[in-house]
1. Around Phe2, which amide H atoms from residues at least 5 apart in sequence, or from another chain, sit under 5 Å from its own amide H, with H modelled in the peptide plane?
2. Work out how much length Leu77 to Tyr156 would gain on full extension: take 0.36 nm times their residue separation and subtract the Cα-Cα distance, in nm to one decimal.
3. If each of Phe2 and Asn109 carries a label point 7 Å out from its Cα toward its Cβ, how far apart are those two points in nm?
4. In Å, what Rg and Dmax follow from the Cα atoms of region 155-204?
5. Rounded to the nearest Å, what's the spacing between the alpha carbon centres of region 176-200 and region 118-137? Just the number, please.
Amino acid sequence: MFCSHCGGSNPDGAVFCQYCGSSLTPSSSAPLPSMTPPPPPPPPPGWGPRGPGGPPPRRSSAGRTLLTIIVVFVVILLVFGVISYLLAPASSSGPAVTITGVNFTSPDNACGLNGAIDPSWYNTSAGQSFPLSYDISGNVTGNVSGVNTTAPCEIYTLTTTTPGFNITDANVPLYIAANTTQILGFTVNPPNAAFSGVLTLVLT
């Protein structure tokens, strides 16, 4: 037994300490009860592992997968929409352009075409180009196609005097040998506005 007053060692059963005479009580040799700390209190609402408001709960993998699919789908739709817009042909729903006939004039009567007339009507939309072609024979007067003569001729230039129109891609100069027929081809470019009337072509 150990004295609780001086700490001296005494034989078992001793009533008084042999060193200081203090009373030896049974409680002096009893071990102190072990103290187990109480569990910590739960954190208050709104607190997380990193302090107030902690990181939000993680979304499930299924939720992330669905969100990814939706985002990819929207991006694909946007890409296809932009491509379709860029590749779409120009709208042909503009004001109407009606050509009620084609008149040929030629100061030097190239291939006899001065005064020739094409009575056909051609319909298109404002700003919409279209091709035209004619079978041209030597010394044709009053008719654009279907007549052959023995005289050769040549067409050097092809223009128009009709306001708002212009001619491009004409295959001139065009030489027409005797007793032959050649095709005179070109592109008619109408104005960007409504039109109805005769188209006048000038040849030299």
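We did not get these values from a lab; they are worked out from the coordinates using the rules stated. No experiment lies behind these values; they were computed from the predicted model shown. Here the Cβ is made from the backbone with ideal geometry for all residues, glycine too, and neighbour counts use every protein chain on show.
1. It is Asn10, by chain and number.
2. 23.2 nm
3. 14.6
4. Gyration radius and largest Cα-Cα distance of region 155-204: 12.9, 42 Å.
5. Distance between centres, Cα-based: 6 Å.
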